[in-house]
1. Just name the residue that is farthest from residue 126 (Cα to Cα) out of those in region 86-106 that are buried (at least 17 other Cβ atoms within 10 Å of the Cβ) and touching a strand residue (DSSP E or B) at 6+ places or on another chain (Cβ under 7 Å).
2. Any residue at all in region 180-198 that's touching a helix residue (DSSP H, G or I) at 6+ places or on another chain (Cβ under 6 Å), surrounded by fewer than 21 Cβ atoms within 10 Å (Cβ to Cβ) and not assigned by TED's automatic domain parsing to the domain that holds residue 61?
3. Taking only pairs six or more apart or across chains, which ones have beta-carbon atoms under 9 Å, a first residue in region 146-172 that is free of Cβ contacts under 8 Å to residues at least 12 places away in the same chain, and a second residue that is surrounded by 14 or more Cβ atoms within 10 Å (Cβ to Cβ) and assigned to a strand (DSSP E or B)?
4. Within region 53-61, can one find any residue that is assigned to a loop (DSSP other than H, G, I, E, B), within 17 Å of the chain's Cα centre (by Cα) and touching a residue at least 40 places away in the same chain (Cβ under 8 Å)?
5. What residue, among those in region 52-76 that are in contact with a strand residue (DSSP E or B) (Cβ under 7 Å, 6 or more places away or on another chain) and farther than 26 Å from residue 163 by Cβ, is surrounded by the most Cβ atoms within 10 Å (Cβ to Cβ)?
6. Condition first: surrounded by 10 or more Cβ atoms within 10 Å (Cβ to Cβ) and farther than 16 Å from residue 83 by Cβ. Now tell me which residues in region 21-31 satisfy that.
7. Every residue in region 62-89 that is touching a residue at least 60 places away in the same chain (Cβ under 8 Å), within 19 Å of the chain's Cα centre (by Cα) and outside any loop (DSSP other than H, G, I, E, B), please.
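The values are calculated or read from the model by the stated rules, or taken from the named source; none is laboratory data. Every value quoted in this text rests on a predicted model; they were computed, and no experiment measured them. Here Cβ is always computed from backbone atoms with ideal geometry, including for glycine, and neighbour counts include all displayed protein chains.
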């Protein structure tokens, strides 16, 4: 199985690599089961496959009902329809991935959630530093609900609504307008733009300002994105 760690419905699909011995073609059954669980979260039936050859089957990380599979460890078993099934391997699914695809750091106290600003505001997000041009990616599969430019604060920004959850993610100070549009559905890891200094970030180090809300209420992004930096 590759990769060993993944995100459901990602731009990098999960692959099962199978080979079997025999003298005739077979249809195979594949079951994805949560470790410690009793039921399969996904069942896959292949077409007719030749023996003694490697075959590659893709799983998008969604359940039989079409939802994103929950974070956790999963076991995959496969074999001829009707059994017996043998273990192919295990995989760990994560709920989210880090919002930058490249080396990164932080701005320290000034970039933390709740840090005071000179105009009496408090910082509503968390700042992650990186070289200008570093790819910004979707932390989770979802839908783009806003794409705009704000010359006063956020500069080029985009807002993603996570699939199967009530969170929204605002990515701000992008180098250029995001290459996505309102209403577009994206997979986890999809490039949403590049790190920049637009809006009120012109005099600061290149960084991504990320805001996370649930039911409209602001969350502190720092512990969340740190957990996603796997």
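1. Among them, the one singled out is 88.
2. no
3. Within 9 Å, the pairs are 148/156; 148/157; 148/158; 148/159.
4. yes
5. 55
6. Within region 21-31, just 25 meets the criteria.
7. Result: 68, single match.
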